[in-house]
Amino acid sequence: MRPFAYTRTASSSAAVATVTADRDAKFLAGGTNLIDLMKDTVEAPALLVDINALPFGDIVEHRTFVRIGALARMSDTADHPAVVRIAPAVAEALLASASPQLRNAATIGGNLMQRTRCAYFRDVATACNKREPGRGCAAIDGINRQHAVLGGSRDCICVHPSDMAVALLAVDAIVRTRGPRGERSIPIAAFHTLPGDTPQIETVLEHGELIVAVDIPISRLASTSTYVKVRDRASYEFALVSVGAALSVRDGKIADARLGLGGIAPKPWRALASERALIGVAPSAAAFERAAEIAVGGARGYGHNDFKIPLVKRLIVKSLASVAA
Amino acid sequence: MPVDVGPRAGPHPVPVTLTINGMRHDLTIEPRVTLLDALREYANLPGTKKGCDQGTCGACTVLVNGRRIDSCLTLAIMHTGARITTIEGLADGDRLHPMQAAFLEHDGFQCGYCTPGQILSAVALLAEKRPLDDASIREFMSGNICRCGAYKNIVDAVAAAGKQNV
């Protein structure tokens with residue numbers, strides 16, 4: 001780990017001003033991803049601003065939404081009765097993430113900001129355009145079993161590792177931030193970006209912009225949501241593929257649908273065309289299979305990860321059937 | 001610089017005071033020293049083990065304010081003012097903590113390297129009031145890897161200690 005200076009503050013405006021003023025400064029919350037990457041020198045900030053004393057740790061249910069503070073821990077969020085009731089997919093996704101120890105440290109804001117687990121990104125001896133723009137991508141012709149089948153580019157085929165973000169797609173979550181130019185609200189689907197030819201850019205946040213909360217609107221749709229994850233072992237593992245799904249059915253027809261996909265793209269992937277195809281039809285295996293087929297339109301495997309295309313289709317059908325039941 | 005940001009510490013060694021097992025430890029360490037390294041290399045408490053050093057094995061599990069975390073993925077300087085509990089702080093003199101006794105009774109280890117982390121994790125699992133059936137114990141102990149594969153006996157030890165209402 002490279003040497004760095006450390007400071008802490010209980011003021012969000014001071015935290016934002018300090019990081020904004022220094023290109024080499026970063027916010028430090030749970031630290032589970034950042035400190036890990038600093039050990040490998042993938043991250044090498046000159047200054048860490050510890051934000052754990054900021055007043056963003058609470059989860060509060062309002063009349064029309066539940067607000068999860070950015071510093072709420074994954075464990076506390078997963079166990080919170082309002083989250084379990086209002087957005088079951090989010091609670092399920094959090095419980096299916098990491099380990100109890102990591103969930104006790106890692107925060108909701110940090111979960112959204114975590115970096116890919118692509119092994120080439122972590123290994124500074126190999127080529128990675130995300131770590132070192134212009135150096136190439138060792139994954140495209142390398143061991144790419146974990147990698148993306150949708151949304152990748154010639155420069156990057158990594159996958160986004162967050163389970164929670166996929167579930168947030170299914171419940172229309174809003175990310176609230178405070179930055180050098182004030183506050184804003186960003187729908188979760190517009191928060192992460194695709195790699196294109198700038199894989200080092202992963203979100204729409206500016207340098208110094210801080211996540212303060214995630215809001216989940218209360219809706220019947222969100223309360224029916226579920227999260228299903230397939231991985232190489234039963235617990236404590238990242239997704240091979242995952243699905244966050246929600247359906248509402250009225251008079252025998254699907255009135256609304258949400259479908260988020262994980263483990264298959266460089267960002268939490270919303271299958272918008274599949275959602276549209278579901279609306280207005282009766283829930284059935286055939287309708288779910290058609291939605292699954294639409295979701296993988298344009299998907300491409302890179303050899304080792306070809307299996308993800310049929311696997312995600314089957315998982316979409318299974319999860320839609322489970323929320324329709 | 002805004003006035004409500006604390007002074008910058010480091011990168012050189014700075015004074016950091018930790019409260020470990022009820023004892024005050026005045027250390028002089030760089031901000032980059034992890035809690036795990038502070039315990040083992042500076043506070044003379046090597047009971048907490050370094051396995052992977054990247055948050056995948058759980059050997060370094062400690063309790064911070066009663067909650068289990070991986071001490072390898074957090075900085076010591078972040079925990080001034082917190083109550084840190086390591087394996088050295090569980091027994092009461094010569095009297096083992098009931099979870100330690102249960103691991104002995106059920107032979108919940110082979111080489112023993114992961115054991116301090118397993119025991120602290122198990123103490124926290126009971127405090128979290130997780131269900132104590134085998135599937136739940138396995139799920140909520142999944143952050144602690146045992147390379148010897150003593151899982152069966154570890155699950156038995158946790159269940160037995162849970163029944164004693166530790």
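The values are calculated or read from the model by the stated rules, or taken from the named source; none is laboratory data. Keep in mind that this is a model prediction, so the values were computed, not measured. Note that each Cβ is placed from the backbone with ideal geometry, even for glycine, and that neighbours are counted across all protein chains shown.
Points worth noting:
- Screening A:V84 against (1) under 26 Å from A:T116 (Cβ atoms); (2) more than 10 Å from chain B (Cβ to nearest Cβ) leaves a single unmet condition, (1).
- Strands (runs of 3 or more DSSP E) wholly inside segment A:1-66 containing at least 2 residues that are more than 10 Å from chain B (Cβ to nearest Cβ): A:25-28, A:59-61
- Beta carbons closer than 6 Å, at least 6 apart along the sequence or on distinct chains, pair a first residue in segment A:280-300 that is within 19 Å of A:A246 (Cβ to Cβ) with a second that is in a loop (DSSP other than H, G, I, E, B) for A:A282/A:G252; A:A287/A:V281; A:A295/A:A271.
- Only one entry of A:A119, A:A190 meets the criterion of being farther than 30 Å from A:P88 by Cβ and modelled with pLDDT of 95 or more, and that entry is A:A119.
- Meets criteria (away from chain B (no Cβ under 14 Å), modelled with pLDDT of 95 or more, closer than 14 Å to A:L168 by Cα and surrounded by fewer than 23 Cβ atoms within 10 Å (Cβ to Cβ)) for A:S242: no
- Complete set of residues in segment B:62-119 that are of a type in the set (G, A, S) and either assigned to a helix (DSSP H, G or I) or touching an Asp or Glu at 6+ places or on another chain (Cβ under 8 Å) (or both): B:S71, B:A76, B:G89, B:A101, B:A102, B:G108, B:G117
- With respect to the conditions (1) assigned to a strand (DSSP E or B); (2) over 21 Å from A:A222 (Cβ atoms), A:A125 lacks only one, and its number is (1).
- The single condition among (1) among the hydroxyl-bearing types (S, T, Y); (2) under 20 Å from the mean Cα position of the chain (by Cα); (3) over 28 Å from B:C60 (Cα atoms) that A:T126 does not satisfy is (2).
- Residue that is surrounded by the fewest Cβ atoms within 10 Å (Cβ to Cβ) [pool: residues in segment A:135-183 that are of a type in the set (G, A, S), part of a loop (DSSP other than H, G, I, E, B) and touching a Gly at 6+ places or on another chain (Cβ under 8 Å)]: A:S153
- Scanning segment B:26-80 for residues that are more than 26 Å from B:A91 (Cβ to Cβ), of a type outside the set (V, I, T) and at the interface with chain A (Cβ under 8 Å from one of its Cβ atoms) yields B:E30, B:P31, B:R32, B:D53, B:Q54, B:G55, B:L73, B:L75, B:M78.
- Looking across segment B:120-136, just one residue is over 21 Å from B:N65 (Cβ atoms), assigned to a loop (DSSP other than H, G, I, E, B) and touching a Lys or Arg at 6+ places or on another chain (Cβ under 9 Å), and that is B:L132.
- B:H97 fulfils the conditions (1) within 14 Å of another protein chain (Cβ to nearest Cβ); (2) surrounded by fewer than 23 Cβ atoms within 10 Å (Cβ to Cβ); (3) closer than 30 Å to B:Q164 by Cα except for a single criterion, (1).
Per-residue answers, yes or no, for (1) under 25 Å from B:Q100 (Cα atoms); (2) crowded, with 20+ Cβ neighbours inside 10 Å:
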| residue | (1), (2) |
| --- | --- |
| B:V14 | no, no |
| B:T19 | yes, no |
| B:R24 | yes, no |
| B:P31 | no, yes |
| B:T34 | no, yes |
| B:L45 | yes, yes |
| B:T48 | yes, yes |
| B:D53 | yes, no |
